[in-house]
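What follows is one structure encoded as structure tokens, with my remarks underneath.
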Amino acid sequence: MELRFPVGFLWGAATAAHQVEGNNTNSDFWLMEQLEGSMFMEPSGIAVDHYRLYKGDIGMLAGLGLNAYRFSIEWARIEPEEGRFDESAIEHYRDMLVACRVYGVTPIVTLHHFTSPQWLIRAGGWESAETPMRFARYCEYVMRKLGEFIPYSCTINEANMPLAITKIMKRHQLSESVAQVGLNTEIKKKMETYQAELSKSFGLPYDRIHPFLSPLSEKGIENVFRAHTEARAAIRKSSPQTKVGITLSLYDIQSVPGGEAHAEKAMQEEFLQFIPYLKDDDFFGLQNYTRMVYGPDGMLPVPADAEKTQMGYEFYPQGLEAVIRYVAKHLGLPIIVTENGIATDDDDRRIAFIDRALAGVHACIADGIPVKGYMHWSLLDNFEWQLGFSKRFGLVAVDRATQRRIPKPSAFHLGRIARANALITN
Ligand code: BGC
């Protein structure tokens, strides 16, 4: 039996500009992908050519039965040089928004999804105290031009990710010095080459290059959240009807006896400490992929017998429900699940993942938690950052030689659930 969701529930899928559009040549990632010694398995290149094929893609999403599409606008396209705004890029995104309207799809538009313009990095990147103002200026411009078409906007995708990266790097350095192991010489050489190349291409010493996904100082992390509040004010001013939120990446944090304090600390660091910046938003964008379990000595490895996704983490769709409940307890905002998904070549497991995740969303709604939508990550198999095109999160496969789209059974499955619910009117 199909689960009944509230009328008007947003059923959708998500993408991010750099992962799908292709030829995002003015972004910092584009540069980082091309350099010798790059940490990227392959460059994004033409990606899945969504910049050209967006109309068909939005039509396909609607044809599947979905009624919402979360995508991002690329800052480096809108403002390729500081203060120079490119009208043709605005026209492009207007066309996308019009296509959504034509197909009856509600757009949820992200303004920053990991990538930044190269000029921003040259100007100090996310460590610069000017970055919040620069980001708000770009958001203001976009909303002045396109706000009438944008009902929901997410300022920054996974704004807590720089903190997570900073913690991982610290842990890594610590364990290295404790164990007194150096990196293997080949990797070390590769890293040195990369750092020298990076420094040359940005014209800055390596330690002054601060993209979004890099370890940041406390000030840098504060800049990210100030960028959110300043952008929120700018968006509200230039497009008052657009609802504004942020998105955070949240694990279902659990503990075994003795690990409670670690788990509490993790929740405090990854979520609770940011509430003051978010509490005046119009909604909360919740992103969850798996759980994380703490024991007395810290984070526990994925259990040996657990099913793993292509990303190496645990298949754990029930985590979504737990995270929604946790967020709702601490933040009185409507929630949109802006990302949830699984990298796998076994589409049956994607279907199972979706079913369990949606059962959790449904249970939360039944308990009165205002969950307004579910955006599956991702609409298309795409460029999974450092891991290149090797990880498959899509509801729809892409033959990259021809750019042909091939919906998987999971796409029809999610679409069918959405459609069945669209027929319910009371
Ligand atoms: C990001 C996406 C990414 C996905 C899967 C999220 O952290 O927002 O850009 O592709 O996870 O790893």
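The values are calculated or read from the model by the stated rules, or taken from the named source; none is laboratory data. Keep in mind it's a predicted model, so treat the numbers as computed, not measured. Ideal geometry is used to build each Cβ from the backbone, glycine not excepted, and the neighbour counts take in all protein chains shown. Areas reflect the complete protein model, heavy atoms only, side chains present, ligands, DNA and RNA absent. Shrake-Rupley method; radii C 1.70, N 1.55, O 1.52, S 1.80 Å.
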With all protein chains present, calculate the accessible area of H172 using a 1.4 Å probe and round the result to the nearest 10 Å². 90
Give the carbon-plus-sulfur fraction of the accessible surface of region 10-425 in %, rounded to a whole number; probe 1.4 Å, heavy atoms of protein chains only. 54
Would you mind getting the accessible area per residue of the chain, heavy atoms of the protein chains only, 1.4 Å probe, in Å²? 41
Given 0.36 nm per residue, what is the gain on full extension from R416 to M41 after removing their alpha carbon distance, in nm? 131.4 nm
Give me the one-decimal Kirkwood hydrodynamic radius in Å for the chain, with the sum taken over alpha-carbon pairs. 22.1
Kindly state, to the nearest 0.05, the FRET efficiency for D348 paired with K200, given R0 = 56 Å and r defined as their beta-carbon distance. 0.70
Of the DSSP beta bridges with both residues in region 10-425, give the percent that are antiparallel, rounding to the nearest 5. 20
Based on DSSP H runs of at least 4 residues, each adding -39500 (n - 2.57), what is the mean residue ellipticity at 222 nm of the chain after dividing by all its residues, to the nearest 500 deg cm²/dmol? -13500 deg cm²/dmol
Set the bar at 19 Å for Cα to Cα. Now go through K167/K265; K279/K372; K279/K329; K243/K279; K145/K243 and name every pair that lies beyond it. none
As a test question: what accessible area, to the nearest 10 Å², does D367 have when a 1.4 Å probe is rolled over all protein chains in place? 100
Would you mind telling me which residue in E79, E307, E130 has the biggest mean-square fluctuation in a Gaussian network model of the chain, where springs connect alpha carbons within a distance under 10 angstrom? E307
Taking r as the C-beta separation of L423 and Y141 and R0 as 60 Å, the FRET efficiency to the nearest 0.05 is 0.90
Reachable aspartates and glutamates from K408, criterion Cα separation under 18 angstrom, eight or more residues apart if same chain: D57, D345, D346, D347, D348, D355, D381, D399
